[in-house]
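Q: Let me begin by handing over the structure; questions about it come next.
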Ligand code: SAH
Ligand code: SF4
Ligand code: F3S
């Protein structure tokens, strides 16, 4: 009889990737996925701690299972990921019906933990070492991930895949839990990364997104030779079947010329950089311990646009950080207006236990003020994103087709037509009326309308040669 697994994932791309791997390993142990927790005999929550809201979401989902577990004690419940690493025993205290708690570095133990839980083991805890709880090597080993198991069925599109190249983070921005939950920064060996890229290409992946918390700081040293991200991109450019390469998230202080040259010179590398500024005020950047000033960021942006004209840059911002005044916030608004990011993720500061900001700074901006600043910055960003997208009106872009859009709008009058979605090389979302057979293709789409988040297009069906891309869309 097949065993049924339900898994719920919150958090960043790292977590999506981790869930993919957990599912892949459990399929090998005879599990099948279900989308109903009540029908599962194993329920897993892959959690995030970056903001309090993310934790609350998980506790609320867990709460919904309390009665179910009482009635069906044979159901195994596991909590994985960053909140598992951060809260450890606390999770058993808040949700005593949880069977095991597993950190991001111990995910390979899950099949064993499930088997032990099913044969009556007490609550089990498997987590990585704290940042002061051993030698650097021991701590690193305890946060290492198990990456080569891939499950194409877990991806939203079979043509896109994430590939982790770096584990952990050493930046210790004062607001952030990640250096604690994911451990020390370590670059994975390039041979392993390349081998995994080939496996993914064989499975049909066309777009690879390389993942790291500060992905541009990637380094791997073996003997005399050091591999940087730019070198790695050069190697992955040669992998047959892969058409596009993206990488997130970049750390502004570590943007180097060799990487910009790689983005300029390697045809598969997308002209797109996610480079979170976080704040436009030097005083706040310093309190966040971001390690750069607005002037340094400004120089970097000039260099990016000089080196790779038309590159799309996106950002993250935190509003209402400890001590942020109206003047500080205005500097952030000014910076957003100046840099005209393709899009930005804007977050209200959320104090996280165990971070330097929680220990030493006061979370003194009232929630209502955080909310107002969030809305104001978002409104500005939406205007900028819309104007940026409107520059594409009338142009043809080359889209990697992901599949039918989430809303799956059907057009009953026109037979098979369905709303399809994909992305440009510079990471803009495009939708058009097409058909499912286009999935996975690189398709020319002409844009006739644009909103802040979406380009609306039509497939170019006339006799259009490949030159249309070169002539009309240098940056798409
Ligand atoms: N390593 C990446 C992303 C880290 S988490 C980077 O350095 O950019 C993603 C985003 O969440 C961050 O960029 C930041 O904008 C936001 N974030 C992190 N901690 C936060 C906190 N305590 N409160 C609110 N937003 C936070
Ligand atoms: Fe967190 Fe800063 Fe590391 Fe990003 S760079 S993960 S924000 S500590
Ligand atoms: Fe959240 Fe962990 Fe990612 S805290 S943002 S899931 S690295």
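Q: What about residue 21, is it surrounded by 20 or more Cβ atoms within 10 Å (Cβ to Cβ) and at pLDDT below 95?
A: yes
Q: Can you name the number of the only condition in (1) away from ligand 1 (no atom under 16 Å from the Cβ); (2) assigned to a strand (DSSP E or B); (3) surrounded by 15 or more Cβ atoms within 10 Å (Cβ to Cβ) that residue 209 fails?
A: Among (1) away from ligand 1 (no atom under 16 Å from the Cβ); (2) assigned to a strand (DSSP E or B); (3) surrounded by 15 or more Cβ atoms within 10 Å (Cβ to Cβ), residue 209 violates only (1).
Q: What are the pairs with Cβ atoms under 6 angstrom where one residue, in the stretch 80-95, is within 18 Å of residue 7 (Cα to Cα) and touching a residue at least 24 places away in the same chain (Cβ under 8 Å) and the other, located anywhere, is more than 16 Å from ligand 1 (Cβ to nearest atom) and assigned to a helix (DSSP H, G or I)? Sequence gap at least six, or different chains.
A: Matching pairs, first to second residue: 95/62.
Q: May I pose another question? Give the stretch 24-54 a look and list any residue that's within 16 Å of ligand 1 (Cβ to nearest atom) and crowded, with 22+ Cβ neighbours inside 10 Å, or say none.
A: Across the stretch 24-54, the qualifying residues are 46, 47, 48, 49.
Q: For residue 241, indicate whether it is assigned to a loop (DSSP other than H, G, I, E, B) and more than 30 Å from residue 322 (Cβ to Cβ).
A: So residue 241 passes the test.
Q: May I ask you to list the residues in the stretch 348-396 that are in contact with a helix residue (DSSP H, G or I) (Cβ under 7 Å, 6 or more places away or on another chain), within 16 Å of ligand 1 (Cβ to nearest atom) and assigned to a loop (DSSP other than H, G, I, E, B)?
A: 349, 350, 351, 352, 354, 361, listed by residue number.
Q: What are the residues in the stretch 139-170 that are farther than 24 Å from residue 270 by Cβ and assigned to a loop (DSSP other than H, G, I, E, B), if any?
A: 144, 145, 146, 148, 149, 151, 168, 170
Q: Out of everything in the stretch 119-132 that is touching a helix residue (DSSP H, G or I) at 6+ places or on another chain (Cβ under 7 Å) and assigned to a loop (DSSP other than H, G, I, E, B), what residue ends up being farthest from residue 184 (Cα to Cα)?
A: Selected residue: 123.
Q: Please go through the stretch 203-254 and give me each residue that is out of contact with any helix residue (DSSP H, G or I) (no Cβ under 7 Å at 6 or more places or on another chain), within 23 Å of residue 144 (Cβ to Cβ) and away from ligand 3 (no atom under 16 Å from the Cβ), ordered by number.
A: Within the stretch 203-254, 219, 221, 222, 223, 225, 226, 231 meet the criteria.
Q: Go through 209, 181, 205 for me and flag whichever is within 12 Å of ligand 2 (Cβ to nearest atom) and touching a residue at least 40 places away in the same chain (Cβ under 8 Å).
A: Matching residue, one of 209, 181, 205: 181.
Q: Just checking, how many residues over the stretch 171-184 are assigned to a loop (DSSP other than H, G, I, E, B) and over 20 Å from residue 247 (Cα atoms)?
A: Residues flagged as assigned to a loop (DSSP other than H, G, I, E, B) and over 20 Å from residue 247 (Cα atoms) within the stretch 171-184 amount to 7.
Q: Only one residue in 13, 70 is in contact (Cβ under 8 Å) with a residue 24 or more places away in the chain, surrounded by fewer than 17 Cβ atoms within 10 Å (Cβ to Cβ) and under 21 Å from residue 142 (Cα atoms), so which one is that?
A: Exactly one of 13, 70 is in contact (Cβ under 8 Å) with a residue 24 or more places away in the chain, surrounded by fewer than 17 Cβ atoms within 10 Å (Cβ to Cβ) and under 21 Å from residue 142 (Cα atoms), namely 13.
Q: How many of the residues in the stretch 216-255 are within 16 Å of ligand 2 (Cβ to nearest atom) and surrounded by fewer than 20 Cβ atoms within 10 Å (Cβ to Cβ)?
A: 4
Q: Here are some conditions: (1) out of contact with any strand residue (DSSP E or B) (no Cβ under 6 Å at 6 or more places or on another chain); (2) outside any loop (DSSP other than H, G, I, E, B); (3) closer than 20 Å to residue 18 by Cα; (4) within 16 Å of ligand 1 (Cβ to nearest atom). Residue 201 meets all but one. Which one does it not meet?
A: (4)
Q: Taking the criterion of being crowded, with 20+ Cβ neighbours inside 10 Å and more than 20 Å from the chain's Cα centre (by Cα), would at least one residue in the stretch 272-280 satisfy it?
A: yes
Q: Moving on to the next point. Mind checking which residues of the stretch 184-202 are out of contact with any helix residue (DSSP H, G or I) (no Cβ under 6 Å at 6 or more places or on another chain) and away from ligand 2 (no atom under 16 Å from the Cβ)?
A: Listed by number, the residues that qualify are 188, 189, 191, 192, 193, 195, 196, 198, 199, 200, 201, 202.
Q: Filtering the stretch 304-347 down to residues that are touching a strand residue (DSSP E or B) at 6+ places or on another chain (Cβ under 7 Å), farther than 15 Å from residue 280 by Cα and outside any helix (DSSP H, G or I), which residue is nearest to ligand 3 (Cβ to nearest atom)?
A: Step by step, filter the stretch 304-347, then rank; the result is 343.
Q: Working only within the stretch 303-331, note down all residues that are away from ligand 2 (no atom under 16 Å from the Cβ), surrounded by fewer than 17 Cβ atoms within 10 Å (Cβ to Cβ), modelled with pLDDT of 95 or more and within 20 Å of residue 248 (Cα to Cα).
A: Result: 303, 305, 307.
Q: Of everything in the stretch 348-364, what is surrounded by 20 or more Cβ atoms within 10 Å (Cβ to Cβ) and more than 16 Å from ligand 3 (Cβ to nearest atom)? Give them in sequence order.
A: Scanning the stretch 348-364 gives no hits.
Q: What tally of residues in the stretch 310-336 results from selecting those that are away from ligand 1 (no atom under 15 Å from the Cβ) and within 25 Å of the chain's Cα centre (by Cα)?
A: 4
Q: Name the one entry in 127, 177 that is away from ligand 1 (no atom under 16 Å from the Cβ) and at negative phi.
A: 127
Q: Scan the stretch 283-302 residue by residue and report those that are more than 13 Å from ligand 1 (Cβ to nearest atom), without any contact (Cβ under 8 Å) to a residue 40 or more places away in the chain and surrounded by 17 or more Cβ atoms within 10 Å (Cβ to Cβ).
A: Matches in the stretch 283-302: 301 only.
The values are calculated or read from the model by the stated rules, or taken from the named source; none is laboratory data. Given the structure is predicted, the values throughout are model-derived calculations rather than measurements. Heads up, the Cβs are rebuilt from the backbone with ideal geometry, glycines too, and the neighbour counts pull from every protein chain shown.
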